[in-house]
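Visitor: Below you will find the structure I want to go over with you.
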Amino acid sequence: MNQRTPLYENHLQAGAKMVDFSGWDMPINYGSQVVEHEIVRTSVGMFDVSHMTVVDLSGPDSKTYLQKLLANNVDKLKTLGKALYTGMLNADGGVIDDLIVYLTENGYRLVVNCATREKDLKWMESVSNGYEVNLTERPDLAMVAVQGPEAINTIKKMYPELADQFTNLKPFNALMNNDWYFARTGYTGEDGFEIILPADEASDFWEKLLAAGVKPCGLAARDTLRLEAGMNLYGSDMDESVSPLQANMGWTVAFDPSDRDFIGREALETEKADGIKMKLAGLILEGRGVMRAGQQVIFPDSSVKGQITSGTFSPSLKVSIALARIPVDTGSFCEVEMRGKLLPARVVKLPFVRNGKPVYE
Amino acid sequence: MSNIPGDLKYASSHEWVRSESEGTVTVGISDFAQEQLGDVVFVELPEVGAEVSAGDAIAVVESVKAASDIYAPVSGEIVEVNESLTDSPEQVNDDPYENGWFFKIKPSDGEEMNDLMDAESYQDSCAE
């Protein structure tokens, strides 16, 4: 039987359509993914993301260990609750997973993807050899993302005594209180919080959010929101065969200082020296249809084809948008091979949508 | 639970078929099918006047999630298509059996209607 989050019964009560997601029963929608998408762009919605894996790290070597394990540099984390987005690479420079790491009172907290849980934990264990660190998975925690232009105000009203602290909380920082983390992060391109909390308090918290007018949103809306926001999905837009430099993740790789020997560094330096050949870019379809992962992208000025890695219909823009891995040196005009036809498309600068508004060029 | 009207016939590929008094049949997709697809965003319709054979892929319904072919449930000539789906494809989700219809066929072989399922058989096939 599939695993269930502490919010399983809440989802059923809210009329969720449940599907299998990497061995978990998760809500795909509560009626209409497009309506849920629009709620997050215009007011506030909430997502159960308790299926994601939380791992706490402690011990005297925690920092040096993470400086080996992660492509971004945890030395950037100077204050408690500060968060960092990073790839975890293999020796060939391929992306094992993307994750967020927080600086905590006892060390660090890592939030990794659900679908990659087992291989991540195994990899983190194997790299920890020779380091004095403790890795502790936290299945006793749940996670709820509250996202949208009204998210912060809604949470402030629920916790008036913390209102000032929420107002002053900067993006990519968390307010921590025992096992409650309010992190100003998200996967939608809107303002909001990702809240980590004790699993046995999750159901009450969800009901309080409902009472405050926050609408439940499923994984389907989460996917169209993150794609409009130009954010990668692990397993679709990058995996172990792809370098972060070809996955729009170059900004997450800290090459400085030059003597920090993180796993994958050598491979990435070789790749840079040889010249990076492919990049992840945004596409907008100029015609009717919906781009889907796996479709070929053809450029008049390049013999190398590109490929769609994630595609969908954008509920905000009312056209099809996609992320595609394409040659670095092409013009913006291209054609996408869809169901036996070639349809014109345009390469655009990411993201497509930010804070409710189209921003692509 | 999906709504499966008792007065319609159904194809295993989830089209419904209604016999009209003027001798044509109207075709759409079932409530079960629209639920599976999720929010419909584009519909590609056949040409009026086209001759089609039962089982031909003659239309496409595209949701946010996936694209699906729509098959001709019976052979004949396309006599009308639901142009309003071009601007309002969400009618397929909101009203699959009335405003969300796709096209009308003038059947060339009346016997083919007998190959389609009644509501009860279709319900069983959806439950499998």
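Visitor: Round to the nearest 0.05 the FRET efficiency obtained for residue A:78 and residue A:122 when R0 = 45 Å and r is the Cβ-Cβ distance.
Guide: 0.90
Visitor: Over what distance in Å are the Cα centres of the stretch B:86-108 and the stretch A:67-106 separated?
Guide: Using only Cα atoms to place each centre, the spacing works out to 51 Å.
Visitor: Spin-label point model (7 Å from Cα, Cβ direction): what's the residue A:276 to residue A:204 distance in nm?
Guide: Taking the two extended label points, one gets 4.8 nm.
Visitor: Shape call for chain A from the C-alpha gyration tensor, a ≥ b ≥ c root eigenvalues: rounded (a/c under 1.5), prolate (a/b greater than b/c) or oblate? If you can, show how the numbers build up before the last one.
Guide: Values: a/c = 1.78, a/b = 1.12, b/c = 1.59.
Cα axes put chain A in the oblate bin.
Visitor: If you don't mind, there's one more thing I want to ask. Please average, across the residues of B:39-45, the number of beta carbons from any other chain that are within 10 Å of each residue's own beta carbon, and give a whole number.
Guide: Across the residues of B:39-45, the mean count of other-chain Cβ atoms within 10 Å is 5.
Visitor: With a point put 7 Å past each Cα toward its Cβ, work out how far residue A:317 is from residue A:134 in nm, to one decimal.
Guide: 4.8 nm
Visitor: Among A:113, A:100, A:168, whose Cα projects farthest towards the positive end of the dipole of the protein assembly as shown, with charges put on the beta-carbon of Lys, Arg (+1) and Asp, Glu (-1)?
Guide: After comparing all options, I get A:168.
Visitor: List the relative contact order of the stretch A:244-358 as a percent without decimals, with contacts defined as Cα pairs under 8 Å and 6+ residues apart. Write down the numbers at each step before the final one.
Guide: Numbers: 212 pairs, mean separation 30.6, N = 115.
Reported relative contact order: 27 percent.
Visitor: Continuing with this model, one more query. Using a Förster radius of 35 Å, what is the FRET efficiency between residue A:328 and residue B:2 based on their Cβ-Cβ separation? Nearest 0.05, please.
Guide: Once the sixth-power term is evaluated, E becomes 0.15.
Visitor: Amide H neighbours of residue A:82 under 5 Å, counting only residues 5+ apart in sequence or on other chains, H built in-plane at 1.01 Å?
Guide: For residue A:82, the qualifying residues are A:103, A:174.
Visitor: Under a point spin-label approximation (7 Å from Cα along Cα-to-Cβ), what is the residue A:13-residue A:236 distance to one decimal in nm?
Guide: Distance between the two pseudo-spin positions: 3.1 nm.
Visitor: Which of the chymotrypsin sites (Phe, Trp or Tyr not before Pro) found in the stretch A:175-257 are loop residues per DSSP with 15 or fewer other Cβ atoms within 10 Å of their Cβ?
Guide: Here the chymotrypsin sites (Phe, Trp or Tyr not before Pro) that fit, given the DSSP loop and packing criteria, are A:255.
Visitor: From the phi of every residue in the stretch A:231-237, what ³J(HN,Hα) in whole Hz does the Karplus formula 6.51 cos²θ - 1.76 cosθ + 1.60 yield, where θ is phi - 60° and glycine or proline is x?
Guide: Values per residue, Gly and Pro as x: 9, 6, 10, 5, x, 9, 8 Hz.
Visitor: Just want the answer: with Cβ charges of +1 for Lys and Arg and -1 for Asp and Glu, which residue in A:356, A:322, A:307 is farthest toward the dipole's positive end in the stretch A:306-361?
Guide: The one lying farthest along the dipole's positive direction is A:356.
Visitor: Within the stretch B:41-64, whose backbone N sits under 13 Å from a point 7 Å along Cα→Cβ of residue B:86?
Guide: Hits in the stretch B:41-64 for residue B:86 at 13 Å: B:43-48.
Visitor: Follow-up. Rounded to the nearest 0.05, what FRET efficiency do residue A:307 and residue A:259 give with R0 = 30 Å and r taken as the Cβ-Cβ distance? Could you check?
Guide: So the FRET efficiency works out to roughly 0.25.
The numbers here are math on the coordinates, done by the rules we state, and not lab data. Only a predicted model underlies this, so the values are computations on that prediction, with no experimental measurement involved. Using ideal geometry, Cβ is built from the backbone for each residue, glycine included, and neighbour counts are taken over all protein chains shown.
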